[in-house]
Amino acid sequence: MVDVLIPSYNHAPWIEAAIRSVLGQEGVDVRLMVLDDGSRDESPQLLTRLAQELGFELILRENRGVTSTLIELAGQVRAPYFCSLGSDDIMPPRRLRAQLQELQSHPESPGCAGQVIVMDAEGNLEAAPLSRFQRGIPQVDFESLLLGKLELHGASVLVRTEHFRAVGGYRPDIGIEDYPLWLALTHRFGAVRVIPDVACHYRIHGNNLHQRVDFMYDQIFKSLESYRDHALFPLALRRWKANWWSELAFSDKRSALKRIFALGSLDFSFIRRLPKLFIPSRCLRW
């Protein structure tokens, strides 16, 4: 049995497809819980109809934010494994079965991640998964996450519930839910397994959280503070500043130029990204 959590907010054009992709999982018993976080579009009416038709659990309430929504949903998890899915994303039909098999083969791991293919608002998929997450196969450990050398996509990870609760779950003081959780899990329990199977079709439509670059990195640095006493902490700060600057060099070259001294260093992780400032964004890959 796997519990799947969907926090929903203003995604009426896509929420039905997300729900049906979860309930269409092959070879796995799934319990789906959806919490609408005060949507101002027609999502509540649509979700009420779908819950009556399809039989999943639904909560409708006022807006409190995605982290609070996930904390509330996670508190109701009963299955030994769970994952979350964006209300605008799609779960391929054999995803959960592949991840369960990997975790059963590696009982020491706190979770299992997969690959992500980007799609547009209309559901058109890119030809191949994002290479940045393929680099994590077959596993991602704490030090690689701390230094930003390897990544896990939040929409692709299946977690052991017992391990999740042992590290305190999602942190209410940090505005992103996934990175501090991956750090806590791998620091205490060891590496997260990563399989080559596609775990999520991730929709890009202009309002995704990842596009709020400064906010995201502010939250990443808050997450790092828990490991200030770790020997790699100073290096981690330099590496994540380089990552921040790299994102700006892709999305906002003027800001990247203004902040080159604040975020730059002599670390190779920064120097190798300097050419991005002079390459048109259309020639770079997110």
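In order along the stretch 124-129, phi translates into HN-Hα couplings of 7, 8, 5, 6, 9, x Hz, rounded to whole numbers, per the Karplus curve 6.51 cos²θ - 1.76 cosθ + 1.60 with θ = phi - 60° and x for Gly and Pro. Across the stretch 96-102, computed HN-Hα scalar couplings (Karplus, 6.51 cos²θ - 1.76 cosθ + 1.60, θ = phi - 60°) run 5, 4, 5, 6, 4, 4, 5 Hz from first to last residue, x flagging Gly and Pro. Entry note, the stretch 126-229: relative contact order of 33 percent, from Cα contacts under 8 Å with a spacing of 6+ residues.
Expressed as a whole percent, the proportion of Cα-Cα pairs in the chain lying more than 22 Å apart is 59%. Sequentially through the stretch 177-193, phi angles give Karplus couplings (6.51, -1.76, 1.60; θ = phi - 60°) of 8, 8, 4, x, 5, 5, 4, 5, 5, 6, 5, 8, 10, x, 5, 8, 6 Hz, Gly and Pro residues having no value and appearing as x. Taking label points 7 Å from Cα along the Cα-to-Cβ direction, Ser265 and Asp29 give a separation of 4.9 nm.
Helices in the chain, meaning DSSP H runs of at least 4 residues, each add -39500 (n - 2.57). Divided by all residues, the mean residue ellipticity at 222 nm is -11000 deg cm²/dmol. Suppose every K and R has +1 on its Cβ and every D and E has -1 on its Cβ; what is the size of the dipole of the chain about the Cα centre, in Debye to the nearest 20? Rounded to the nearest 20 debye, it is 1160 debye. Per the Debye formula with a single identical scatterer at each Cα and no solvent contribution, what log10 I(q)/I(0) holds for the stretch 81-170 at q = 0.19, 0.20 Å⁻¹? Taken in order of the listed q values, log10 I(q)/I(0) reads -1.00, -1.10.
Since every read-out is calculated from the coordinates, none of them should be taken as a lab result. What you are looking at is a predicted structure, and each value in this text was computed from that prediction instead of being measured. Glycine gets a Cβ as well: all are built from the backbone with ideal geometry, and neighbour counts include every protein chain shown.
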